[in-house]
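Structure record follows, encoded as structure tokens.
Read-outs: derived from the displayed coordinates by stated rules, not from any lab. None of the values given here were measured: they were computed from a predicted structure. Note that we place each Cβ from the backbone using ideal geometry, even for glycine, and neighbour counts take in every protein chain shown.
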Amino acid sequence: MLTQNLDQQSIQYLSEILMYENISRDELIKSLLRDRWMSLQAEMSPPPKRKNSKETIAEFVRKKSAQPVNRDSYVSR
């Protein structure tokens, strides 16, 4: 059972919560787990979307074409 390793203070908290909520230990644990899982889901961001090779090439070309060309550097060569 999960309560075997609890200290006296935690057992007291558990007893008071169970009486106040009028639920079983299993119901309380399920509720706590669900709430914690939902808060973790809200904290975690979705993994970044991977680009395929065509998207990567297109992005590279867009960035290169947006950069101004320094014609002086070509003339001095």
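Based on Cβ point charges of +1 for Lys and Arg and -1 for Asp and Glu, what charge dipole magnitude is obtained for segment 1-44 about its Cα centre, in debye rounded to the nearest 20? Write down the numbers at each step before the final one.
Numbers: 4 positive and 7 negative charges, 25 e Å.
Result for segment 1-44 is approximately 120 debye, rounded to the nearest 20.
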Sort Tyr20, Tyr13 so the one with the fewest other Cβ atoms within 10 Å of its own Cβ comes first.
Tyr20, Tyr13
For a distance above 17 Å, tell me the whole-number percent of Cα pairs in segment 1-44 that qualify.
42 percent
Linear extension gain, Asp7 paired with Glu21, 0.36 nm per residue minus alpha-carbon span:
2.9 nm
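Would you mind ranking Lys64, Lys49, Lys30 so that the residue whose beta carbon has the fewest other beta carbons within 10 Å leads the list? Show your work: numbers first, answer last.
Details: Lys64 9, Lys49 6, Lys30 12.
Least to most surrounded, the residues fall as Lys49, Lys64, Lys30.
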Under a cut-off of 26 Å between alpha-carbon atoms, report the lysines in cross-link reach of Lys51, not counting same-chain residues fewer than 8 places apart.
Lys63, Lys64
Applied in sequence order to segment 8-19, the curve 6.51 cos²θ - 1.76 cosθ + 1.60 (Karplus, θ = phi - 60°) yields integer Hz couplings, x standing for Gly and Pro, of 4, 4, 5, 5, 5, 4, 4, 4, 5, 5, 4, 5
